[in-house]
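These notes concern the structure reproduced below.
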Amino acid sequence: MRCPFCHADNDRVVDTRATEDGYVIRRKRVCGSCQRKFITLERLEEAFIRVVKRDQTREPLDREKIRRGIERACSKRPVSSQEIENLVLEIESEIYSSYLLEVSTAQIGEIVMRHLAKADDVAYIRFASVYREFDNVSDFINVIEPLRGRLP
Ligand SMILES: [Zn+2]
């Protein structure tokens, strides 16, 4: 980290602490060239991703909501808790690597569907039917289209 006073890149960290909510790390540094002290703040990017809902209101990304949606879709299906946990992790990391500040519920829905399609056909169709609110047969056909190659 460059010193804000003399611009030398020669500091050492003398103190590190997290803020109460754990999302910000505060480091106290000493410049090795001019000996002045300065503080840097390190934030977790994830803390800033917000979900834009259909009514345009925003809320923090909530992995438990994603998990509940997947659990509901997988109910009575041969999908283990560990597989559900892995799906949630994959979905979460795809969201964090593809979006910086905001992600819409529609984009999350598409990501969830893509991962569910790999895990279980029935869970995928269930999730899609709730999520996309099918109102006609062609909506349904669009959703099962990606599965076509795997159906008997
Ligand atoms: Zn300095």
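Things to note:
- Number of the condition not met by D62 [criteria: (1) under 22 Å from R50 (Cβ atoms); (2) crowded, with 16+ Cβ neighbours inside 10 Å]: (2)
- In summary, R17 fulfils each of the numbered conditions (1) at pLDDT below 90; (2) more than 20 Å from T105 (Cα to Cα); (3) assigned by TED's automatic domain parsing to the domain that holds Y131; (4) of a type in the set (K, R) with the single exception of condition (3).
- So S81, is it without any contact (Cβ under 8 Å) to a residue 12 or more places away in the chain, more than 21 Å from K53 (Cα to Cα) and among the polar types (S, T, N, Q): yes
- When residues of the stretch 91-100 are limited to those that are in contact (Cβ under 8 Å) with a residue 24 or more places away in the chain and closer than 14 Å to D62 by Cα, the one farthest from the chain's Cα centre (by Cα): I91
The values are calculated or read from the model by the stated rules, or taken from the named source; none is laboratory data. Values in this document were obtained by computation on a predicted structure and should not be read as measured data. Glycine also receives a Cβ, built like all others from the backbone with ideal geometry; neighbour counts cover every protein chain displayed.
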